[in-house]
Amino acid sequence: MSALIDAATGADGAGAAYRGTRDLRPYVGSLTIVLTGTTGPLQRRVVAGLESLGDVTVFETTGDITGLEGDTVDVVLDMASSDHDWLAINRASATQFVTTTLSIADELVADQVVFVSSAMVYGANANNSFPLTEETVLRPDNEFVFARQLASAEELVEQWRRSRSGRRTCVLRPAISLAGDGNSRLAGALVSGLGKRFAEDDPPSQYVHLDDLAAAIVISIQQRLDGVFNVAPDGWIAGERVRALSGEGLRLPLPERASEVLSSLRWRFQRGPIPPGLRSYTHEAWVVSNGRLVAEGWRPTVTNEQAYVEGTEARWWTMISPKRRQELALGAGAGLISIVAIIGVVVGRRWWRRRQA
C-alpha cells in the first residue's frame, strides 16, 4: 500500500487539465477514501478532483491495508475492476478484484462503495432500447467474458449493500472512455471497429472523456450517491460521422465473410488481440442516457466528437504493442521469402521450358 497520494497535478501534469470539479459544491467535513487498484490517467484525475474538495485524505492499495486498521474510512473506490488492461497485467478478473474491494470495505467499516463498471454490461443487441436507461436488464454478450464478469461484479456490489443497513453503493456505467494521454487497449479495439465496417451501415456510438468520467466519480463521492448511473456526453455520434472523423475511405463492396476476415486482420495487427464477443459491440448500438447523473449535478464538458478526436489523434502504428510489431516484422519477412520463392519457381519453370524446347 502506498502512503497518501500526492497527485494534485500528477507526474505528467494530467491533473492540470482536469476540468471536472469546478461547479461542484465543496464537501463539508473531512473525508477518507481508499482507492483499490491503479488506473493511470483516470486515477490521477480522480485524485486531483477529490483533493480539490478540501479536507480529503486519499490512500491507494491493491489489497494490503496494513496500517489502516482502526482508521475511519468513508468510501472505498474501485476503478480497477473495469480496467481491462490492468486486470490482464495482473491476471485477475473483475469478479476477483471486486471481491477484494468489498473485503477491504468490510474490514475498514466503510459505508459507501463506488464501483466503476461499463455500459458494455447492457450488451449490444439488435433490440436494445434507444437510449438505454439504468433500469434496462443487463444482457452482455455471452462470448465477451469481460462484460459478463462486470455484470457479476455489479451483483456482488449490490449484495454488499443489502447485507447491512446504512450502506450505500454507487455503480457508474461509462461509455467508451478516451483521452489524449492514454486509452485502454479495449477502448482502442472498439474505436478501431466502430465506424469502419465494410459494405454495412455503422451503429451510433458514444465516447466520454476521462475528465468527465473523473468528475462523475468525484460527484458520486461528494454527493454520497446511491444507485446506478450511466456516464456519457449528451447525445451520440452517427456511424457515418464516426467514419468521417476517422478518415476512413469509401466502403468496399466485399462479401460478409471476406469483410470479417479483413477486419480481424486489421484489428489484430493495429490494436492487438480482440477479446471474443467484442465484435457485436461494433455491430449494434448500445447508446446510454445520462439523465439520471445530470439530475445529480454532473455536466459533461467534452462532447462525443471532441473526445473521439482527442482520443484518436495518435496514428495506428504508434499503438501497436511490441509483440504485434514483432509479428508484423516476422510476417513481412515471411511474405518477402514467399514472394522470392514464387518468383524463383516461375523463373525456374520458364528456364526449364526453354531448355526443353
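Please specify each residue of segment 147-194 satisfying the condition of being among the basic types (Lys, Arg) and assigned to a strand (DSSP E or B).
Arg168, Arg173
Can you tell me which condition Ile65 does not meet? The list is (1) of a type outside the set (Asp, Glu); (2) farther than 21 Å from Arg173 by Cβ; (3) in contact with a Phe, Trp or Tyr (Cβ under 6 Å, 6 or more places away or on another chain), and all the others hold. Ile65 satisfies all of (1) of a type outside the set (Asp, Glu); (2) farther than 21 Å from Arg173 by Cβ; (3) in contact with a Phe, Trp or Tyr (Cβ under 6 Å, 6 or more places away or on another chain) except (3).
Taking segment 112-139 as the range and being within 15 Å of the chain's Cα centre (by Cα) and in a loop (DSSP other than H, G, I, E, B) as the test, the residues that pass are Ser117, Ser118, Gly123.
Set side by side, the residues Ala216, Ala189 differ, and just one is in contact with a strand residue (DSSP E or B) (Cβ under 6 Å, 6 or more places away or on another chain) and either under 18 Å from Gly311 (Cβ atoms) or among the charged types (D, E, K, R) (or both), which is Ala216. Looking across Ser129, Ser81, Ser118, one residue alone is more than 18 Å from Ala187 (Cβ to Cβ) and among the polar types (S, T, N, Q). It is Ser129. Here's a check for you: in segment 306-323, which residue that is among the charged types (D, E, K, R) and surrounded by fewer than 16 Cβ atoms within 10 Å (Cβ to Cβ) is modelled with the highest pLDDT? Once the filter is applied, the top-ranked residue is Glu313.
Hey, could you check segment 153-179 for residues that are surrounded by 16 or more Cβ atoms within 10 Å (Cβ to Cβ) and of a type in the set (Ser, Thr, Tyr) and say which is modelled with the highest pLDDT? Filtering first and then ranking leaves Thr169. Within segment 47-105, the set of residues being closer than 20 Å to Ser117 by Cβ and acidic (Asp, Glu) comprises Glu60, Asp78, Asp83, Asp85. Of the residues making up segment 210-243, those that are under 16 Å from Ser82 (Cβ atoms) and among the hydrophobic types (A, V, I, L, M, F, W, C) are Leu210, Leu213, Ala214, Ala216, Ile217, Val228, Phe229, Val231, Ala232. Kindly indicate whether any position in segment 235-252 is at pLDDT 90 or above and either assigned to a helix (DSSP H, G or I) or acidic (Asp, Glu) (or both). For segment 235-252, residues at pLDDT 90 or above and either assigned to a helix (DSSP H, G or I) or acidic (Asp, Glu) (or both): absent. Taking every residue in segment 147-165 that is of a type in the set (Asp, Glu) and pairing it with any residue that is in a helix (DSSP H, G or I), at least 6 positions away or on another chain, the pairs with Cβ-Cβ distances below 7 Å are Glu154/Val121. The single residue among Gln222, Gln270 that is surrounded by 15 or more Cβ atoms within 10 Å (Cβ to Cβ) and either modelled with pLDDT under 80 or over 30 Å from Gly54 (Cβ atoms) (or both) turns out to be Gln270. Scan segment 290-307 and report the pairs whose first residue is farther than 17 Å from Ser118 by Cβ and in contact (Cβ under 8 Å) with a residue 60 or more places away in the chain and whose second residue is loosely packed, with under 15 Cβ neighbours inside 10 Å and polar (S, T, N, Q), with Cβ atoms within less than 9 Å and a gap of 6+ or a chain change. Matching pairs, first to second residue: Gly291/Thr133. Is at least one residue of segment 14-31 closer than 26 Å to Thr303 by Cα and at pLDDT 70 or above? Checking segment 14-31: not a single residue is closer than 26 Å to Thr303 by Cα and at pLDDT 70 or above.
The values are calculated or read from the model by the stated rules, or taken from the named source; none is laboratory data. Note that this is a predicted model, so its numbers are computed, not measured. All Cβ positions, glycine included, derive from the backbone under ideal geometry; neighbour counts span all protein chains shown.
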